[in-house]
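Engineer: If you scroll down you'll find the structure; I have some questions about it.
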Amino acid sequence: METMVAQREKQPTSQMAEPIIEIKGLWAGYDGRAVLEDIDFEMFPGDYVGLIGPNGGGKTTLIKVILGLLPVMRGRVSVLGQSPVSARDKLGYVPQVSHSDRDFPISVWDVVRMGRQKPHVFKERFNKKTDKDEIEWALRQSDVLDLARKSFNQLSGGQRQRVLIARALVTRPKLLILDEPTANVDSKSSAMLYDLLAELNKSISILLVSHDLMAISTHVKTIGCVNRRMVYHNQKVFSKDMLDLGYECPVELLAHGLPHRVLHEHHDLDAFSEPISVSPTDKKAGEKR
Amino acid sequence: MIENLIEMFSFEFMQNALLAGVLVSVACGIIGTLVVVNKNVGISGGIAHAAYGGVGIASYFGLDPVLGAVVFSLFSSLAMGLAQRKLRERSDTMIGVMWAVGMAIGIIFISLTPGYRANMMSYLFGSILAVSSSDIWWMIGTAIGVIVFVALFYRMLLAISFDEEFATVRNLPVDLLSILLLMVTGLTIVVAMRVVGLIMVIALLTIPAAIGSMFFKDLRVIMLSAIVLGILINGIGLILSFKLNLQAGAVIILLAAGFYFLSFLIKRSILFKR
């Protein structure tokens, strides 16, 4: 790559260890139609990867493949050295809060307890004590222990997201996977959420997807872009080929100012017919390829 | 008043009716709660109507129509459940087709059955005053089956109802339990059909649970409250229909709807006071 950008923070262990996710030439989609084409992706222990991409670009599809919820059409996917279906109970899945029914009558405690539910009926009664300790631990990790007796549908978006993170943590996962963690969450709670994730990342790998580059660019260690195809260099850069993928966020970056230097130098963009250094109001320019 | 009631329930058919009301309320309270939170109301309507095919075939061959309804409801809930699991959004039409096919089979076989057919109306509109002892046994079996099924799988059913994808990632038997739940729902529908008929059965299944979920936030408490409400509605409906000499199933349903509306108003006034 001809990018001139800051390398990601040093991660001495990550390149030597076995990848936790290894995807080669993946095609996946629904009803025989591919949403993802020829995806290559590797993720290592300790990584904190943020995947961005437009809505409908296949971010959630990629997550579903990794979680073993959607079959692979073509290519190879290995999670923790296993097939996604065999490995999925070692992954901590945090879905979008909007996906969980707003009216469902359930307490916070019972939501988190789901993470302890074993796939068999008769053995579960023997470890009630550990269940209780584990649930308390997970609630404390996400800083929602005081909400344990509350009804899940009375909580704010940010609180719900934390409860769902606790539910994922209680499974003691090797990798936390979050789908749009800040959708339906106000900006203050979303900042707190990212603080929590940074803290968790000290002991656990994190993969999160979002359509909001601004929100994740300051927090993750590496960025990838998904829009049918995927660009990922294991770096914290927003590179030219990500732009080529047809994503409009570089324009947004220019418009809002950069928290980090994530866009490469201006002269690399000569190939584009449209000038990319747009004014804050001119958001259309980036959409043109 | 009290003497009046004692006299009323000295009749064996009234005792049977009351017992039927209690048993059906237990099954409906528990399963209805799960139907409501899983948004399975539509598919339950399909199962109820498809079961009529079993009623028709069984009466044509001179068998117990309830047995026919049970067999049909189990098969149709299995088929509709598979369609729902595999086809997702597109299953809607298919469920609608099975709904109608079951009804059509029932109508044809009943018209082929020689003899007195008015009895068949009781499967459409219910006849709590005419429940037989074999009906009571079906109800006892169903109530026990429902209690055992939900007690065993409560945690898993809760997890699956709340968030199917997470449950799948945790390797819970999502497909199996969802379909089993539909089959148990099918059984419940058949016995509840004896009380209010297949056309109104969905109301008996869902209204007590819907009222419970207005006031309580724990699935088990909602189930309990739905059982109590169901018994009240059935009991009062039975007495009223006896007094006023009206069709019991319809009185019970109107009463349930009245309770629902009243609860709605109470709930609103509580919200406004806050």
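FYI, it's all coordinate maths here, none of it is from the lab. The structure presented is a predicted model; accordingly, all values stated were derived computationally and were not measured. Methodologically, a virtual Cβ is constructed for each residue, glycine included, from the backbone with ideal geometry; neighbour enumeration extends over all protein chains shown.
Engineer: Measuring from centroid to centroid over Cα atoms, what is the spacing of the stretch B:187-213 and the stretch A:14-59 in Å?
Structural biologist: So the separation of the two Cα centres works out to 47 Å.
Engineer: How crowded by other chains is B:170-179, given as the mean number of beta carbons from other chains within 10 Å of each beta carbon? Provide the component values of the computation, followed by the final result.
Structural biologist: Working: counts 12, 9, 6, 3, 1, 0, 0, 0, 0, 0.
Mean inter-chain Cβ contacts per residue within 10 Å come to 3.
Engineer: I'd like to know which of B:V190, A:I106, B:S134 lies farthest towards the positive end of the charge dipole of the protein assembly as shown, counting +1 on Cβ of Lys and Arg and -1 on Cβ of Asp and Glu.
Structural biologist: Most positive-ward Cα: B:S134.
Engineer: Within chain B, which whole H helices from DSSP have a Cα span along their axis of at least 24 Å and a mean Kyte-Doolittle hydropathy of 1.6 or more, if any?
Structural biologist: Values: long enough: B:12-37 (37 Å, 1.88); B:41-60 (30 Å, 0.97); B:65-87 (32 Å, 1.21); B:91-112 (32 Å, 1.77); B:133-162 (38 Å, 1.64); B:174-196 (32 Å, 2.26); B:219-244 (36 Å, 2.07); B:248-273 (37 Å, 1.68).
Passing helices, by number: B:12-37, B:91-112, B:133-162, B:174-196, B:219-244, B:248-273.
Engineer: While we're looking at this one, here's another question. Treating the beta-carbon of each Lys and Arg as +1 and of each Asp and Glu as -1, no other charges, what is the dipole magnitude of the protein assembly as shown about its Cα centre, to the nearest 20 debye? Don't skip to the end; give the middle numbers.
Structural biologist: Numbers: 55 positive and 49 negative charges, 186 e Å.
I would put it at about 900 debye.
Engineer: Where the convex hull is taken over the Cα atoms of the protein assembly as shown, what is its projected area averaged over directions, in nm²? Provide the component values of the computation, followed by the final result.
Structural biologist: Details: hull surface 126.3 nm².
Approximately 31.6 nm², given one-decimal rounding.
Engineer: Return a whole-number percent for the relative contact order of the stretch B:2-268, with Cα pairs under 8 Å and 6 or more residues apart as the contact set. Present the calculation step by step, with values, prior to reporting the outcome.
Structural biologist: Working: 411 pairs, mean separation 81.1, N = 267.
Over the stretch B:2-268, the number comes to 30 percent.
Engineer: Would you mind counting up the charge near A:A191? Only other residues with Cβ under 14 Å from its Cβ, with Lys and Arg at +1 and Asp and Glu at -1. Before the final figure, lay out each step's value.
Structural biologist: Values: positive: A:R162, A:K188; negative: A:D143, A:D186, A:D195, A:E199, A:D212.
Here the charged neighbours net out to -3.
Engineer: Where the centre of each part is set by its Cα atoms, how far does the stretch B:99-168 sit from the stretch B:15-67, in angstrom?
Structural biologist: If you average the Cα positions of each part, the centres end up 2 Å apart.
Engineer: Moving on to the next point. Report, as an integer, the average count of C-beta atoms from other chains found within 10 Å of each Cβ along A:114-120. List each step's numbers first, then the result.
Structural biologist: Values: counts 11, 3, 3, 10, 5, 7, 4.
Taking all residues of A:114-120 together, the mean is 6.
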